[in-house]
Amino acid sequence: MNMKNTLAFGLGIMLLVSSLAYSADDAAQTPIIKGLWPAGTTNSSIEVSERELPARGNIRRITDIKNPTLTLYPANTNSAGSVPAVLVFPGGGYRILAIDIEGTEIAEWLNSIGITAIVVKYRVPNNRNGAFQDGQRAIRLVRHHAKEWNIDSKSVGVIGFSAGGHLSARLSTDFHKRSYINLDVADKQDCRPDFCILMYPAYLANKKSKKVAKELPITSNTPPTFIIQTKDDRSFVDGTIIYAQALKNADVSSTFHLFEVGGHGYGLRPPKKGNETSQWPKLCKEWLKERSIINKVSNNEIQPTK
């Protein structure tokens, strides 16, 4: 083989190796979709059963979810050890799921700070108890697959937006309640989240009694909680304040940021440039670092849309 052919052959091998490495990396980051319920149960199929509604305000909305799923977005990290995980519960008034602004976009941000994200498509519309079952099952499945998915089973949290915030709060307070019978080995796992992030949460208090909603039995065993709310989120700010105070009264480690303006449903898209709500990812990241849930932040961290 002459020098020219040798160089060509070597270049070809380098390109092949590079191509294989790229493909492997891409495959590692490909989202994994898994049905929440085993075959033979009411919700056993992972085939698409949802209906997409017309976008509103550039937000994707889905509903009619009868076969709930979780979608795993592995963290893009070079860490040799297991990583923390956060289950993402989009909002939508228990009628729809705002699946991009409060789902896939949040997963991308979590990945950018070294956290594996799991977006949960829970049952809607109008099925709060079904959604609670889906949430408990999702946490158990994540812990069951922790080794396979390179997840630290002792660092599994939840983040919820609006109605998804209510669901996350319920998962963090009513975890002693068994909402369905054991179906398989995964259901032997603990369903208590290790930490909870509530973003402009809804339905946290009874408007008449001015007390925490009865389905949210806060105790000293409620996991550490981080809350973001704005004063002009008029439908839900009072309930959030009541809930935050109840956490404090129960000696639950919690951080509550109450901004002046920002409204509701902004996700990583603050309503106006320079709005205070654009600070929430940074504040949340610092809270996660303080609790040693994450140790360092990737240079690829995603920032709120300006």
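Data overview
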| read-out | value |
| --- | --- |
| Extreme residue, farthest from GLN136 (Cα to Cα), among residues of segment 28-42 that are modelled with pLDDT of 85 or more and β-branched (Val, Ile, Thr) | ILE32 |
| Condition met for ALA163 (among the small types (Gly, Ala, Ser) and in contact with a Leu (Cβ under 7 Å, 6 or more places away or on another chain)) | no |
| Breaking point among (1) farther than 17 Å from ARG61 by Cα; (2) crowded, with 22+ Cβ neighbours inside 10 Å, for GLN133 | (2) |
| Number of the condition not met by SER45 [criteria: (1) part of a loop (DSSP other than H, G, I, E, B); (2) of a type in the set (S, T, N, Q); (3) at pLDDT 90 or above] | (3) |
| The one condition in (1) surrounded by fewer than 18 Cβ atoms within 10 Å (Cβ to Cβ); (2) hydrophobic (A, V, I, L, M, F, W, C); (3) part of a helix (DSSP H, G or I) that PHE256 fails to fulfil | (3) |
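The values are calculated or read from the model by the stated rules, or taken from the named source; none is laboratory data. These numbers were taken from a predicted model, which means no experiment stands behind them. FYI the Cβ positions are ideal-geometry reconstructions off the backbone, even for glycines, and counts take in every protein chain you see.
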